[in-house]
Amino acid sequence: FDARHYRLDLRRAPMLQLVYAQDEAQARWVAILLFHHMALDHTALEVVQQEMQAHLMGEAGQLVDPVPYRNYVAQARLGTSEAEHEAFFRQMLGGIDEPTLAFGLAQVQGDGRGIEEVTVAVDEALSLGLRSQARRLGVSAASLIHLAWGRVMALASGQENVVFGTVLLGRMQGGDGADRALGMFINTLPICVSVGEQSVRDAVKMTHARLTAMLAHEHASLALAQRCSSVASSTPLFSALLNYRHSSIEVTDALLSAWNGMQMLSSEERTNYPLTMNVDDLGDGFSLTALVEARIGAQRICDYMHVALRSLFDALEHAPRQPVQSLAVLPPTERRQLLDTWNASPQTYAHDTLIHGQFEACAVAQPDAVAVVFESRTLTYGELNARANRLAHRLLSLGIRPDERVAICVERGLDMIVGLLGILKAGAGYVPLDPAYPLERLAFMIEDSA
């Protein structure tokens, strides 16, 4: 049968179903286990498998009593208050006014269709090296994984302070027996990771401190957390997830005997987010599973993560003071494509003519041709050249000399292009500044005398 024809209806119970049918062509029975995270998560699935194994081995009588979900609900409600949750997330997210939308993916209400899935193993030497570095720094391996994913998100979104969803176990504060209970435990909450100019070592420590602090808030509402940022409520705060989880792969003779005659054909999990990275902690090694829209490429995301982990390990091993924003993410093949393949051109350009000189030649050859378009405004080569000349003369009259630096603080648009050309024509170099940056001193005030 086609598993795609079977979907859970979230409007009615149960959230756990086993659908089976006879495959006469291959003389076998096939089944599909459908479940929603409201009833079963990664930990609970292992519990169910262990109970099934006990029944198959005739040991059902040795199973312990089930743990009521109501115990967890009571423990969660008696824990951290909503006001404390809000204070924590406002401190972390209050300064975030732009969403982190990797690759421009903004649809966070998807149904899991059109998603590509790829799983790769992190090589053994790198896995052991990452664990060694984590022990040396007194942090968890999860902290290194979160920082590496933050670096990937920075590359994919063009930001330094990135926000992504991290999946919390939900059982840390769940009370006795929570590790054996079934129900809705896991929770997705936003975490902000800074991958700017701070050192790699400091970034690891900061990420670990933030993750540790979040454990006290693992029962907070995602809606509450997102409201604590400065991003408009109509815009998603993030569109990518990181799910770091511990997985057991121990296979014993008893286990093989219990499941004799049965085999796993395939498994599939989906979220409503367009980009998910599952990291399975296998005890010694790690496994990466990327789920992303097919046009982005799941293998590509796995490659990014693997390179980021390798770069992070190398930096901690040899240069822990280097800026975390310098960590490599692109694999060699994609780097060559970007720098060499796509830049290859049979065209020959003059090496002894300055940029503004080449522009002036274009202005003479085609003064009425459109040179710049910004929204509904345009400038021809002749108009742009004239305005840049006026600005250059203005700078020279203010005392600008060759090779001096001129700060330019302007929003993207036509005026920015005029400013850059004018500064170059005056023989100076430009230093771009963010218009929102608090300037205590301006060496020169640049005015377009137009």
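Structure above, values below:
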item: Residues of region 329-376 satisfying the condition of being of a type in the set (D, E, K, R) and more than 38 Å from the chain's Cα centre (by Cα); result: 352, 360, 368
item: Long-range neighbours under 9 Å by Cβ, at least six apart or interchain, first residue closer than 12 Å to residue 418 by Cα within region 364-382, second basic (Lys, Arg); result: 379/387
item: Breaking point among (1) surrounded by 14 or more Cβ atoms within 10 Å (Cβ to Cβ); (2) within 30 Å of residue 194 (Cα to Cα); (3) modelled with pLDDT under 85, for residue 109; result: (1)
item: In region 92-106, residue modelled with the lowest pLDDT [restricted to those that are part of a loop (DSSP other than H, G, I, E, B) and among the hydrophobic types (A, V, I, L, M, F, W, C)]; result: 106
item: Some residue of region 247-255 being part of a strand (DSSP E or B) and either within 30 Å of residue 58 (Cβ to Cβ) or among the hydrophobic types (A, V, I, L, M, F, W, C) (or both); result: no
item: Listing of helices (runs of 4 or more DSSP H) fully contained in region 263-369 that carry 1 or more residues being polar (S, T, N, Q) and surrounded by 15 or more Cβ atoms within 10 Å (Cβ to Cβ); result: 298-318
item: Checklist (1) among the acidic types (Asp, Glu); (2) modelled with pLDDT of 80 or more; (3) part of a helix (DSSP H, G or I) applied to residue 46, failing item; result: (2)
item: Subset of region 400-450 [of a type in the set (Gly, Ala, Ser), closer than 12 Å to residue 387 by Cα and modelled with pLDDT under 85]; result: 449, 450
item: Filter pass, residue 75 being surrounded by 12 or more Cβ atoms within 10 Å (Cβ to Cβ) and touching a Phe, Trp or Tyr at 6+ places or on another chain (Cβ under 9 Å); result: no
item: Among residues of region 21-65, those that are more than 20 Å from residue 258 (Cα to Cα) and more than 30 Å from the chain's Cα centre (by Cα), counted; result: 8
item: Qualifying position, being in contact with a strand residue (DSSP E or B) (Cβ under 6 Å, 6 or more places away or on another chain), assigned by TED's automatic domain parsing to the domain that holds residue 225, at pLDDT 95 or above and buried (at least 20 other Cβ atoms within 10 Å of the Cβ), among 152, 167, 162; result: 162
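The values are calculated or read from the model by the stated rules, or taken from the named source; none is laboratory data. Everything quoted here is computed from the prediction, not taken from an experiment. Cβ atoms come from the backbone with ideal geometry, glycine included; neighbour counts cover every protein chain shown.
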